[in-house]
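Below is one structure; the comments refer to it alone.
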Amino acid sequence: MPPLAITVLLLSLSNIFMTFAWYGHLKSLSAKPWIVAALLSWGIALFEYLLQVPANRIGYQVASAAQLKIVQECITLLIFVPFALFYLKEPFKWDYLWAGCCILGAVFFIFREQLMA
């Protein structure tokens, strides 16, 4: 499997953990003290880092740090929007689409040299 594909897969998995660590407690632990949510989130974040660090090390062999960051932002939006809609039960907003368009613009500019080659 190509390094960039491995990177995207690992970053996607890590982002699922990250999203639950950052936002999952809003629904599932809202009645608990914030310290409980923080400690649980910290534990979940460990798994996120166990995937994110190797993903970036592998990806850095074929992409710049800036490219890796933009890829991560794309993945974040792709993971967060369904999470917000289906787990947190938030209503759909057209702003999700517009934010996605902005991130696609960022992808174009950060990968422009490779796209134009």
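Rule-based calculations on the coordinates, nothing more; no lab input. Remember, predicted model here, so these are calculated numbers, not experimental data. Counting neighbours? That spans all protein chains shown, and the Cβs are built from the backbone with ideal geometry, glycine included.
Laid out as a table, the results:
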quantity	calculated
Qualifying residue in segment 65-83 (condition: without any contact (Cβ under 8 Å) to a residue 12 or more places away in the chain, out of contact with any Pro (no Cβ under 9 Å at 6 or more places or on another chain) and of a type in the set (S, T, N, Q))	no
When residues of segment 55-64 are limited to those that are in contact (Cβ under 8 Å) with a residue 24 or more places away in the chain and in a helix (DSSP H, G or I), the one surrounded by the most Cβ atoms within 10 Å (Cβ to Cβ)	Ala55
Segment 1-25, residues that are out of contact with any Asp or Glu (no Cβ under 9 Å at 6 or more places or on another chain) and either of a type in the set (Gly, Ala, Ser) or not in a helix (DSSP H, G or I) (or both)	Met1, Pro2, Ala5, Ser12, Gly24
Residue in segment 19-30 that is among the aliphatic types (A, V, I, L, M) and surrounded by 16 or more Cβ atoms within 10 Å (Cβ to Cβ) present	yes
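Table: residues versus (1) more than 12 Å from the chain's Cα centre (by Cα); (2) surrounded by 16 or more Cβ atoms within 10 Å (Cβ to Cβ); (3) in a helix (DSSP H, G or I).
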site: Lys32; (1), (2), (3): yes, no, no
site: Leu39; (1), (2), (3): yes, no, yes
site: Phe47; (1), (2), (3): yes, yes, yes
site: Val53; (1), (2), (3): yes, no, yes
site: Phe83; (1), (2), (3): no, yes, yes
site: Phe86; (1), (2), (3): yes, no, yes
